[in-house]
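Enquirer: Would you mind keeping the following structure in view while I ask a few things?
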Amino acid sequence: MTWLGLLIVLLIVGGAAALVFVGLRERQNSDPLASRLAEYAARGEVASLEEIELSQPFMERVVYPAARRFGEIAQRFTPAQAIIETRRRLEMAGAPRWLEPTVFLASRFVFGLGLGGLMFLVYSISGDFSLTSVLVILATTVVGFFIPNLLLDSRLTRRKRAVLNSMPDALDLLTISVEAGLGFDAALKKVTEKWDNDLSHAFARALQEIQLGKLRREALRDMASRLNLPEMDSFVAAVIQSEQLGVSMSRVLRVQSDSMRIKRRQRAEERAQQAPVKMLLPMVTLILPTIFILLMGPAVLQVMRSGIGF
């Protein structure tokens, strides 16, 4: 592959990444069509529904419906258990509500066929078709098919780490609020008002479910199931037992808060112990050869100039 082909690949991949970043951004909670109607009404203009729909962004008007339709077609050939597992992973990763399993399945096919098509285009332009080219195209297609899964796993890992790091502080605020006389639901609301992170969003969703009529213990268990963390399971179990057995809620929260803080310190110490091992590979492969060249390079040059041993 020539340098022109590599340049074309870089430009196409960069443009595709930019389009994916713009296209997969989170939608606003408000309906875009309703906001357009309100905007026209505020300006006193009369517009037809077709004009309002055409005034929407291209992503809202074409890309999302096409991706959803393509995902629905792919869903027919996907096992039901895979759809359920995809929906569960999306909820665990805190994906936006509009990112349905059908859209996620469509993104996998788009990535796979898109990258494979790009490599096919590059080899077509360069005219270098061989068995190696076919294998590269197939490998690129397979890699592109699994890219959305890798991105989802990365987001899931980041979300779990963020929830674990914010749990001790949130439990401290819960404890203080309950000891000050607030109920557990009111204390959860204080946490959602204080912070804007993944844990507060999970608490806010649990509060909404409770307000809609779901039992508190069921809402908390569903929240723990969505987060899929042993620490959250322990916290929810302690809260439910405290409610059922009549134990002081503030005492239970105090114990949970202290336990979470100790575990966070232990995780930090564990990462600090892993740092030297992780630094060993770049030191051996990058730093030590450079030091060896700097130290031995002048001596090797002097030997080469003197003709000794050469």
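The values are calculated or read from the model by the stated rules, or taken from the named source; none is laboratory data. These numbers come from a predicted model, not from an experiment. Every residue, glycine as well, gets a Cβ built from its backbone with ideal geometry; the counts of neighbours run over all protein chains shown.
Enquirer: Please go through the range 97-151 and give me each residue that is of a type in the set (Phe, Trp, Tyr), in a loop (DSSP other than H, G, I, E, B) and under 30 Å from His201 (Cα atoms), ordered by number.
Expert: Hit for the range 97-151 is Trp98, nothing else.
Enquirer: What number of residues within the range 229-274 satisfy the criterion of being of a type in the set (A, V, I, L, M, F, W, C), without any contact (Cβ under 8 Å) to a residue 60 or more places away in the chain, in a helix (DSSP H, G or I) and more than 16 Å from Arg161 (Cβ to Cβ)?
Expert: 9
Enquirer: If you don't mind, there's one more thing I want to ask. Can you list residue pairs whose Cβ atoms sit under 6 Å apart, with the first residue in the range 197-217 being assigned by TED's automatic domain parsing to the domain that holds Ile240 and the second being among the hydroxyl-bearing types (Ser, Thr, Tyr) and part of a helix (DSSP H, G or I)? Count only pairs 6 or more apart in sequence or on different chains.
Expert: Within 6 Å, the pairs are Asn197/Ser166; Leu199/Ser166; Ser200/Thr192; Phe203/Thr192; Ala204/Thr192.
Enquirer: Quick one: in the range 123-155, of everything that is hydrophobic (A, V, I, L, M, F, W, C) and within 22 Å of the chain's Cα centre (by Cα), which residue is nearest to Met92 (Cα to Cα)?
Expert: Result: Leu152.
Enquirer: Testing Ser259 on (1) closer than 30 Å to Val236 by Cα; (2) surrounded by fewer than 10 Cβ atoms within 10 Å (Cβ to Cβ); (3) of a type in the set (Ser, Thr, Tyr), one condition comes back false. Which one is that?
Expert: Going through the list (1) closer than 30 Å to Val236 by Cα; (2) surrounded by fewer than 10 Cβ atoms within 10 Å (Cβ to Cβ); (3) of a type in the set (Ser, Thr, Tyr), Ser259 breaks only (2).
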